[in-house]
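*Asks:* Quick one: the structure is below, and I'll ask about it shortly.
The values are calculated or read from the model by the stated rules, or taken from the named source; none is laboratory data. Note that the structure is a prediction, hence the values are computed from the model and not measured. No Cβ is skipped: glycine too gets one built from the backbone with ideal geometry, and neighbour counts run over all protein chains shown. Side chains are part of the model used for accessible areas, which takes the heavy atoms of the whole protein and leaves out ligands, DNA and RNA. Shrake-Rupley method; radii C 1.70, N 1.55, O 1.52, S 1.80 Å.
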Amino acid sequence: NIMVIAPHPDDETLGCGGVIQRFKHENINVYWLVVTSINQSDDYSEEFAKNREQEINDVANHYKFNKVFNLNFPTSMLDTIPFNNIVTAISGALSEVKPEILFIPHYGDIHTDHRIVFDACMSSIKWFRQKTIKKVMSYETLSETNFSNNIENNTFNPNTYYDISNYIDSKIKGMNIYRTEIDKHPFPRSEDSIRSLAKIRGSESGYEYAEAFM
């Protein structure tokens, strides 16, 4: 069992969309946990919230996740939520799935939600709480990981690579489901950027296209 934890919908695709498709092709169980939702925020219209809900359903169908968990914490406001509430919610999903591999955001990302989710995940997976977990992978997220400042040595330094050469087109197709999150180059979340980053990671590891993790 594998669980992918996304602070926001689209992080799973940007960070490990190719790996998700690869694992599903290998008949491995993959679960998706989305930490935040926009339906509790006053900054978004009801129509936008409904469209996002539909996008999440479409993405879930695209990847054929075994199950999707929606924690529904307010997006961009995790710093206002008691930390223990987030840890408890994540721990509950982990206890149900009992994953062996966990994919989480990078601790040095510029977005506060990403950093809080990383910390909450690490608090949730102490060995005596989640004994099934054997490996934790931090993924990189375009427009978050690459905009972080190297102040406290928080750079993304990949040491694990997965060949996604057969799945890069499917990754981009998944990202295109999020119509308001993708745009044309030089916007960071563009088809050109996604393909270029995968090509760079491939050149570092001997593949045509790859995804990189810490």
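*Asks:* Quick one: count up the residues across region 69-108 that are modelled with pLDDT of 95 or more, under 18 Å from GLU144 (Cα atoms) and out of contact with any Phe, Trp or Tyr (no Cβ under 7 Å at 6 or more places or on another chain).
*Replies:* Matching residues across region 69-108 total 2.
*Asks:* Further question on the same structure: Return the residues of region 140-152 that are of a type outside the set (Ser, Thr, Tyr) and either at pLDDT 95 or above or surrounded by 15 or more Cβ atoms within 10 Å (Cβ to Cβ) (or both); say none if nothing qualifies.
*Replies:* At the first step, the residues of region 140-152 found to be of a type outside the set (Ser, Thr, Tyr) are 140, 142, 144, 146-147, 149-152.
Across region 140-152, the qualifying residues are GLU140, LEU142, GLU144, ASN146.
*Asks:* Residues to consider are VAL34, VAL68; find the one that is crowded, with 21+ Cβ neighbours inside 10 Å and in contact with a strand residue (DSSP E or B) (Cβ under 7 Å, 6 or more places away or on another chain). Walk me through it before giving the result.
*Replies:* On the way: VAL68 fails: crowded, with 21+ Cβ neighbours inside 10 Å.
Testing whether each residue is crowded, with 21+ Cβ neighbours inside 10 Å and in contact with a strand residue (DSSP E or B) (Cβ under 7 Å, 6 or more places away or on another chain) leaves just VAL34.
*Asks:* Would you call ILE86 surrounded by 21 or more Cβ atoms within 10 Å (Cβ to Cβ), of a type in the set (A, V, I, L, M) and touching a helix residue (DSSP H, G or I) at 6+ places or on another chain (Cβ under 6 Å)? Can you show your working first?
*Replies:* Numbers: surrounded by 21 or more Cβ atoms within 10 Å (Cβ to Cβ): yes; of a type in the set (A, V, I, L, M): yes; touching a helix residue (DSSP H, G or I) at 6+ places or on another chain (Cβ under 6 Å): yes.
It is true that ILE86 is surrounded by 21 or more Cβ atoms within 10 Å (Cβ to Cβ), of a type in the set (A, V, I, L, M) and touching a helix residue (DSSP H, G or I) at 6+ places or on another chain (Cβ under 6 Å).
*Asks:* Check ASP58, ASP11 and return the single one that is within 19 Å of MET175 (Cβ to Cβ), crowded, with 21+ Cβ neighbours inside 10 Å and at pLDDT 95 or above. Even if it seems obvious, please write down each step before you answer.
*Replies:* On the way: ASP58 fails: crowded, with 21+ Cβ neighbours inside 10 Å.
The conditions single out ASP11.
*Asks:* Just to be sure before I move on: is ASP183 in contact with a Pro (Cβ under 9 Å, 6 or more places away or on another chain), over 24 Å from VAL87 (Cβ atoms), open to solvent by 40 Å² or more (accessible area, probe 1.4 Å) and not in a strand (DSSP E or B) in the structure I sent? So that I can check it myself, show each step before the final result.
*Replies:* On the way: in contact with a Pro (Cβ under 9 Å, 6 or more places away or on another chain): no; over 24 Å from VAL87 (Cβ atoms): yes; open to solvent by 40 Å² or more (accessible area, probe 1.4 Å): yes; not in a strand (DSSP E or B): yes.
No: the conditions fail for ASP183.
*Asks:* Could you list, in sequence order, the residues of region 1-53 that are within 23 Å of GLY92 (Cβ to Cβ) and of a type in the set (A, V, I, L, M)?
*Replies:* Passing the criteria: ILE2, MET3, VAL4, ILE5, ALA6, ILE20, ILE28, VAL30, LEU33, VAL34, VAL35, ILE38.
*Asks:* Does region 109-119 contain any residue that is open to solvent by less than 30 Å² (accessible area, probe 1.4 Å), assigned to a loop (DSSP other than H, G, I, E, B), closer than 22 Å to GLY17 by Cα and not polar (S, T, N, Q)?
*Replies:* Yes.
*Asks:* Another one. So SER165 passes all but one of these: (1) open to solvent by 90 Å² or more (accessible area, probe 1.4 Å); (2) more than 21 Å from PRO105 (Cα to Cα); (3) in contact (Cβ under 8 Å) with a residue 12 or more places away in the chain; (4) not charged (D, E, K, R). Which condition number does it fail?
*Replies:* It is condition (1) that SER165 fails.
Residues checked against (1) open to solvent by less than 50 Å² (accessible area, probe 1.4 Å); (2) within 18 Å of ASP11 (Cα to Cα); (3) touching a Cys at 6+ places or on another chain (Cβ under 7 Å):
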| site | (1), (2), (3) |
| --- | --- |
| PHE128 | no, no, no |
| ASN154 | yes, no, no |
| ASN176 | no, yes, no |
| ARG195 | no, yes, no |
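*Asks:* For the list (1) open to solvent by 30 Å² or more (accessible area, probe 1.4 Å); (2) in contact (Cβ under 8 Å) with a residue 24 or more places away in the chain; (3) over 21 Å from TYR107 (Cα atoms); (4) part of a helix (DSSP H, G or I), I need the number of the one condition that GLY202 fails.
*Replies:* With respect to (1) open to solvent by 30 Å² or more (accessible area, probe 1.4 Å); (2) in contact (Cβ under 8 Å) with a residue 24 or more places away in the chain; (3) over 21 Å from TYR107 (Cα atoms); (4) part of a helix (DSSP H, G or I), GLY202 is out only on (1).
*Asks:* Is there a residue in region 131-139 that is open to solvent by less than 50 Å² (accessible area, probe 1.4 Å), in contact with a His (Cβ under 7 Å, 6 or more places away or on another chain), closer than 17 Å to ALA198 by Cα and of a type in the set (Gly, Ala, Ser)?
*Replies:* Looking through region 131-139, at least one residue is open to solvent by less than 50 Å² (accessible area, probe 1.4 Å), in contact with a His (Cβ under 7 Å, 6 or more places away or on another chain), closer than 17 Å to ALA198 by Cα and of a type in the set (Gly, Ala, Ser).
*Asks:* Starting from residues that are more than 21 Å from PRO158 (Cα to Cα) and either touching a strand residue (DSSP E or B) at 6+ places or on another chain (Cβ under 8 Å) or in a helix (DSSP H, G or I) (or both), keep the ones in region 93-108 and report whichever is most open to solvent (accessible area, probe 1.4 Å).
*Replies:* Going residue by residue through region 93-108, those that are more than 21 Å from PRO158 (Cα to Cα) are 93-99.
Those left that are additionally either touching a strand residue (DSSP E or B) at 6+ places or on another chain (Cβ under 8 Å) or in a helix (DSSP H, G or I) (or both): 93-97, 99.
On the way: ALA93: 5, LEU94: 0, SER95: 56, GLU96: 105, VAL97: 9, PRO99: 0 Å².
Going through the qualifying residues, I end up with GLU96.
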